[in-house]
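Please treat every number below as a calculation from the coordinates, not as lab data. Because the structure is predicted, anything quoted here is derived from the model rather than measured. No Cβ is skipped: glycine too gets one built from the backbone with ideal geometry, and neighbour counts run over all protein chains shown.
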């Protein structure tokens, strides 16, 4: 089996992320935009590009749960097991914010949104990058999320630094969001 993380388009996108760029890639339901969550300038640029309020927070995706280790510190073993048993999937969990992530990512909230992606290209980009990525839908505020690369380019033109190859998954809606500690469903999947 060929490791998608070795494909030139994904390697170029990962290199762009390392240099502070914003990349576009397919996810389970829509095209996503991502950047290095540890690069505050890149995160601010992504928020400005989308015209997104910083207080809304952002989701982090990764290829596997081990990449989230710093963000999971302080969680009970049973909570980590619950996460492991639910991933990879189009389920985003709100976990207690241990403040490893920048306030740009958490939106200044007491929770942090994490997902181990089930999409092969998004996962490969995370592996090629070597860690978690910001993941947010590829659309400016108030417009529908892009379901095609043509729509992404119509929204953002030459403003993005990299595009990966691929196509979106078969999910009808963006990931379900659940609170890990309360079990509350914040955003249901259809």
Square roots of 5 times each gyration tensor eigenvalue, C-alpha, the chain, largest first, Å:
24, 18, 17
Which residue fluctuates most in the GNM of the chain (Cα springs below 10 Å): 51, 178, 11?
51
For 60, 94, what's the fewest-to-most ordering of other Cβ within 10 Å of each Cβ?
94, 60
The stretch 12-127 - share of DSSP beta bridges that are antiparallel (%, nearest 5):
65
Can you tell which of 75, 49, 58 shows the greatest fluctuation in a Gaussian network model of the chain with Cα springs below 10 Å?
75
Neighbour counts of other C-beta atoms within 10 Å: give me 61, 95, 80, 134 arranged from fewest to most.
80, 95, 134, 61
Mind checking the angle between helix 77-86 and the chain's longest principal axis? C-alpha axes, 0 to 90 degrees, to the nearest 10.
40
Rg/Rh for the stretch 2-82 to two decimals, with Rh computed the Kirkwood way over all alpha-carbon pairs.
1.00
Rounded if a/c is under 1.5, else prolate if a/b is larger than b/c, else oblate: which is the stretch 47-149, with a ≥ b ≥ c the root eigenvalues of its Cα gyration tensor?
oblate
Please tell me the relative contact order of the stretch 27-170 in percent, rounded to the nearest whole number, where contacts are Cα pairs under 8 Å and at least six residues apart.
40
Mean ellipticity per residue at 222 nm, deg cm²/dmol - from DSSP H runs of n ≥ 4 across the chain, formula -39500 (n - 2.57):
-8500 deg cm²/dmol
Relative to the longest principal Cα axis of the chain, at what angle does helix 8-18 sit, 0 to 90 degrees, rounded to 10?
60
Cα long-axis angle, helix 40-50 against the chain (0 to 90 degrees, to the nearest 10)
70
